[in-house]
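The values are calculated or read from the model by the stated rules, or taken from the named source; none is laboratory data. If you're wondering where the values come from, they're calculated on a predicted model, not measured in any experiment. Cβ placement follows ideal geometry from the backbone for every residue including glycine, while neighbour counts extend to all protein chains displayed.
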Amino acid sequence: MTKVNLVEKFQAIFETEQTPETFFAPGRINLIGEHTDYNGGHVFPAALSFGTHALGLKRTDQKLRFYSLNFPDLGVIETDLDTLDFKETDNWANYPKGMIKYIRQQYDGISTGADILYYGEIPNSAGLSSSASIEMATGVLLESLFSLDVDRIEMIKIGQKVENEYLGINSGIMDQFAIGMGKENHAILLDCQTLDYDYAPIQLADHVIMIINTNKQRTLSGSKYNERRNECHQALQDLQSELDVKDLGSVSPDEFEQYKHLIKDPVHQKRAKHAVYENARTIEALQKLNENDLEAFGQLMNASHISLQEDYEVTGIELDTIAQAAWDQPGVLGARMTGAGFGGCAIALVKEDKAADIKEKIKEIYLEKTGIDASFYTAKIGDGARKL
């Protein structure tokens, strides 16, 4: 949908002739480093060229009106500046409400309401981070509409706080960070403990990143996400009986092998093994990309998926079928699930001139095994949240 179309929709829905300001926040993929963020490890995400558009106009009263072109049946969702607490019936609008609530707590300047229209190009529940995209689009919109001076890292932390405290999802900071700090043709190696980060140029030569949507709906809060987080916490506590570490991201694979006997529960031991080894793979992945060794990078992607399948157990038949189908195709250097798992998307690093054949083959195998049609996108890596 073009910017002109979105402006016209805004004017029709909110019955105004004024022209709203337009903002954009991308979706994200994580190239490698899954379920390491809340374990204090490294992640390696990149912002996508598609995401969430937000158009806004300040009002003269205290009213807030939200409308999403993705959920037209829900109509305009209304509240005001004094009633920003979470409300089940407000559905998707809880994401912007949470951002407004927490930004108001930290920054002066939001003294009136606003009309805001959203249009998301990210498939719902695809695991490409539509929720963090809405949060960051709202953040840059508020910053501009109300002339706030919000530090970008602070805005990212507020987005995470919306997930953790407002919505009760114990997610890490990766999604908001990738979306807030994304840079065209670069991935970000982020230390989730310190928030130190490095941009890594993504030079794929004659390869492309293919995103494959399982089209299996997943809901993060209703999934086993919080359970995995607790299992890792238990494993860490066992290790801390002898090891002086503050998180699993601080444990090397060698240390893990030496001290894993301290983790009493075999399931917790498997969860910790994934967190430790995945963190090591992620650091190695940056090195391989810097050396232009795409084959080695692809192997790390494959090892990541197998660990998520066997040790972390967050893949499921849909993601495993897609990964296996991709591995079996000539021209695929690597494939893995991306995001929290339990559905959502996989990514594959594929030879550009074989991409069409690879897509057809994966589509056919996946449909035959699951009865579901997969969707495909070629990922272009874009800039972070901004005013258009």
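Observations on the model:
- Only one of the listed residues (154, 163) is in contact with a Ser or Thr (Cβ under 9 Å, 6 or more places away or on another chain), outside the structural domain of residue 343 (by TED's automatic domain parsing), in a helix (DSSP H, G or I) and not hydroxyl-bearing (Ser, Thr, Tyr). That residue is 163.
- Taking the conditions (1) touching a helix residue (DSSP H, G or I) at 6+ places or on another chain (Cβ under 6 Å); (2) under 25 Å from residue 253 (Cα atoms); (3) not in a loop (DSSP other than H, G, I, E, B) in turn, residue 350 satisfies each one other than (2).
- Note on the range 1-16: among residues that are among the charged types (D, E, K, R), surrounded by fewer than 16 Cβ atoms within 10 Å (Cβ to Cβ) and part of a helix (DSSP H, G or I), the one that is nearest to the chain's Cα centre (by Cα) is 3.
- The residues listed here are 260, 264; of these, the one that is exposed (fewer than 15 other Cβ atoms within 10 Å of the Cβ) and not β-branched (Val, Ile, Thr) is 264.
- Count of the range 250-298 residues which are at negative phi and outside any helix (DSSP H, G or I): 7
- Total residues in the range 165-214, condition in contact with a strand residue (DSSP E or B) (Cβ under 6 Å, 6 or more places away or on another chain) and on the phi > 0 side of the Ramachandran plot: 1
- Check on residue 96, under 30 Å from residue 228 (Cα atoms) and either surrounded by 16 or more Cβ atoms within 10 Å (Cβ to Cβ) or out of contact with any Leu (no Cβ under 6 Å at 6 or more places or on another chain) (or both): yes
- Residue selected from the range 180-200 under the condition in a strand (DSSP E or B) and either without any contact (Cβ under 8 Å) to a residue 24 or more places away in the chain or touching a Leu at 6+ places or on another chain (Cβ under 8 Å) (or both), by the criterion farthest from residue 350 (Cα to Cα): 197
- Taken over the range 40-79, the criterion of being touching a Leu at 6+ places or on another chain (Cβ under 6 Å) and surrounded by fewer than 16 Cβ atoms within 10 Å (Cβ to Cβ) is satisfied by 58, 62.
- Yes/no for residue 387 being surrounded by fewer than 16 Cβ atoms within 10 Å (Cβ to Cβ), in contact with a strand residue (DSSP E or B) (Cβ under 7 Å, 6 or more places away or on another chain) and at pLDDT below 95: no
- Any hit, the range 245-253, residues being crowded, with 21+ Cβ neighbours inside 10 Å, closer than 30 Å to residue 354 by Cβ and not polar (S, T, N, Q): no
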